[in-house]
Structure formats: C-alpha cells, structure tokens
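**Student:** Submitted below is the structure of interest, expressed as structure tokens.
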C-alpha cells in the first residue's frame, strides 16, 4: 500500500507514518512545519521530521503547503496513492482568532485541495480526515452538569456514555477554529456522499502522545506535563480546573485508521476520543503528573474561561465499536502521561 499522510510531523501524522511504515507500506508525508509559524519556536516539529527520516524504512518527506493547490495536484499526479490520511491543520482553538484567513485556508481550503486531488487522481482510495470535537462548538456546555469534588460530569443520563455523532453542530459558539474545521468536516462528508468516495471524519477529543510538541494554545496534556517538569507556571482558565477531557493516545488513533482503511465506508463521522474511562479533569491531571513524576505543577487560576471551551467532554465510542468491533482503547490516560513525561525528559536530556 502507498499511503499519503499530511501533517506527517505532527502528533497523529507522525504516529500514522510510524504505524504504517512498520506494516511495510510505502509512506509519503507532507509537512511544511507550519506549526512553527502558528506557535513559534516551541511549536517547531523539525525534530520529529528528522526522527521519522532516520527511523523509518520506507518514508518520503515532501515539504509542501496544502494551501498550494498546484503543488498538491502535482504530488497526486506523480503518485497513485492507495489511501490518504489528512492530519494537517491549524490546530489551535485560540490562535485562530488572530490568524483567521490562514486558519481557514489551511483547515477548509487545504482540505478541499486534497479532496479534489483525490477525486481527480485516485477516487477509489479511502480518505481519512482528522476533524475535531470543536465542530460541536460549546453545545455540550448546555447539557445539564453536576459538580463533583474534582470534576464536572453530565447529569443527564442520555449522555452517560458521552457525546455521540448525532449531537448538533448548529446554533452555538465554535471559535473560528471550530468553524474552519467544521467546513472541512462537511466537505469530507459531502465528497463521500455526493461522489461516492470512501471518506470519514474522525472528530478527535484530546489527542495526545509522546510525539506532541505541546504549547499553551494547543496540546493541553503535553504542555501541562512540560510545565510541571520544567517548573514553569501553568494557567488554568475557568471552570475551577474541573473541566474534563477524554484523552486518546495517538497509537490508538492510528490503529482505528488501519481498521477504516481495511473496511472503508462512505461519508462517515466518528467521535474518536478516550471515552469516559480515559477522561480526566485538569485537577485530576495535576495529581497524576505529581504521582508519576514527583513534580508538583506551579499553576495560577483565571476566572476567565476560553471562548467556546468545553466544560465537560468525552466521546461516546459506541458507533466506532459497532462498525469496527476489533478496535478499542488500549492505552490508559495514566499510561499516556507516563509516556509523555518520558518523552519530554528524553528531549531535554533530563
């Protein structure tokens, strides 16, 4: 199999490259290190690009901007890809407000370029798009909640297993990031339904893992661990630090992508996160980090929450497990934290 991975030096992209490289696939990666443009030197993924080049058996890196339609089309014209995994994105909920045109060009227009290239050059090849739970905007905040000692949780039994794929995306605040990602999400669905292509959107919860270059504006678990290990101050924005995220390791995401590529469907959406069992609040995360690393996080609290941020969110995994019963979460939230601690320490030589 010849597979294209966009955003190949990012968290999910690099995990996907490694996963399929180990399966003896020919893997092509597209990444122009835009993460450094978005987040500065701390977001630079060059280290990961070089690591992929040195460790992979059959990986080719292409420094292409997906906003460049001609460059994307030329790449597809040259290679007959058997599958496309689209992970490239402007990924920050907050950053998008200061770069709205670039955000939309990457997340919506860039996705359209890839879909058109797939339709024109390899229409039968499955197309997997890494979307986001931010397509639901702050809608989940309107679910009745209960305040527990260390977290918020749903008080409505209809959401006992979390947020399902039929949750409304309308009449709510998304952030500009959520709006641009929703645009790409709808395009991916439409190319599946209108043109009969094999496409799916994976609406990620808190995607995490040791390959994350976490920064304050994106990559909460990686960033909070980095702050704890380096003694930097971390700011908790609102909700008493009890806001809940469901963490899923990048390897579990790559494993699901393999399942979809083996048995593709058309115009599908899946809420891919850690589910309730892998959900943690910020306060709970701080305690686990201390237990794992021995480091007490130095943090301050701000009453001002991020616009459109979720108070409580975890994914209902029922549809994923029904369609792909051989898949399940294998890596716990604690194991994620242990791996990320080890990764940051190895990068800094600690």
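**Student:** Output the number of the condition that residue 50 fails; it satisfies all remaining conditions of (1) in contact with a strand residue (DSSP E or B) (Cβ under 6 Å, 6 or more places away or on another chain); (2) not in a loop (DSSP other than H, G, I, E, B).
**Tutor:** Condition not satisfied by residue 50: (1).
**Student:** What is the number of the single condition among (1) assigned to a helix (DSSP H, G or I); (2) closer than 21 Å to residue 305 by Cβ; (3) in contact with a strand residue (DSSP E or B) (Cβ under 9 Å, 6 or more places away or on another chain) that residue 179 does not meet?
**Tutor:** Against the list (1) assigned to a helix (DSSP H, G or I); (2) closer than 21 Å to residue 305 by Cβ; (3) in contact with a strand residue (DSSP E or B) (Cβ under 9 Å, 6 or more places away or on another chain), residue 179 comes up short only on (3).
**Student:** Mind counting the residues in the range 262-278 that are touching a residue at least 60 places away in the same chain (Cβ under 8 Å) and touching a helix residue (DSSP H, G or I) at 6+ places or on another chain (Cβ under 9 Å)?
**Tutor:** 11
**Student:** I've got another one for you. List the number of the failed condition for residue 200; all other conditions in (1) over 26 Å from residue 330 (Cα atoms); (2) buried (at least 22 other Cβ atoms within 10 Å of the Cβ); (3) in contact with a helix residue (DSSP H, G or I) (Cβ under 7 Å, 6 or more places away or on another chain); (4) at pLDDT 95 or above hold.
**Tutor:** It is condition (1) that residue 200 fails.
**Student:** What residue, of 180, 168, is touching a residue at least 24 places away in the same chain (Cβ under 8 Å), farther than 26 Å from residue 255 by Cβ and surrounded by fewer than 19 Cβ atoms within 10 Å (Cβ to Cβ)?
**Tutor:** 168
**Student:** Can you tell me which of (1) under 30 Å from residue 148 (Cβ atoms); (2) in a helix (DSSP H, G or I); (3) touching a strand residue (DSSP E or B) at 6+ places or on another chain (Cβ under 9 Å) is the one residue 184 doesn't meet?
**Tutor:** With (1) under 30 Å from residue 148 (Cβ atoms); (2) in a helix (DSSP H, G or I); (3) touching a strand residue (DSSP E or B) at 6+ places or on another chain (Cβ under 9 Å) applied to residue 184, the lone miss is (1).
**Student:** Now a separate question. Would you point out which residue out of 236, 186, 225 is under 30 Å from residue 33 (Cα atoms) and free of Cβ contacts under 8 Å to residues at least 60 places away in the same chain?
**Tutor:** It is 186.
**Student:** Is there a residue being exposed (fewer than 15 other Cβ atoms within 10 Å of the Cβ), over 23 Å from residue 340 (Cβ atoms) and modelled with pLDDT of 95 or more anywhere in the range 15-31?
**Tutor:** For the range 15-31, residues exposed (fewer than 15 other Cβ atoms within 10 Å of the Cβ), over 23 Å from residue 340 (Cβ atoms) and modelled with pLDDT of 95 or more: present.
**Student:** Can I ask one more? Is it the case, given these coordinates, that residue 230 is surrounded by fewer than 19 Cβ atoms within 10 Å (Cβ to Cβ) and under 30 Å from residue 299 (Cα atoms)?
**Tutor:** yes
**Student:** For residue 135, only one of the following conditions fails: (1) under 20 Å from residue 32 (Cα atoms); (2) touching a residue at least 40 places away in the same chain (Cβ under 8 Å). What is its number?
**Tutor:** Here residue 135 clears every test but (1).
**Student:** Hey, could you check the range 32-47 for residues that are outside any helix (DSSP H, G or I) and within 20 Å of residue 340 (Cβ to Cβ) and say which is modelled with the highest pLDDT?
**Tutor:** 45
**Student:** Looking only at the range 56-67, decide whether some residue is surrounded by fewer than 15 Cβ atoms within 10 Å (Cβ to Cβ), at pLDDT 95 or above, over 21 Å from the mean Cα position of the chain (by Cα) and assigned to a helix (DSSP H, G or I).
**Tutor:** no
The values are calculated or read from the model by the stated rules, or taken from the named source; none is laboratory data. Everything numeric here is computed off the predicted structure, so don't read it as measured data. In this analysis, Cβ positions are derived from the backbone assuming ideal geometry, glycine residues included, and neighbour counts consider all displayed protein chains.
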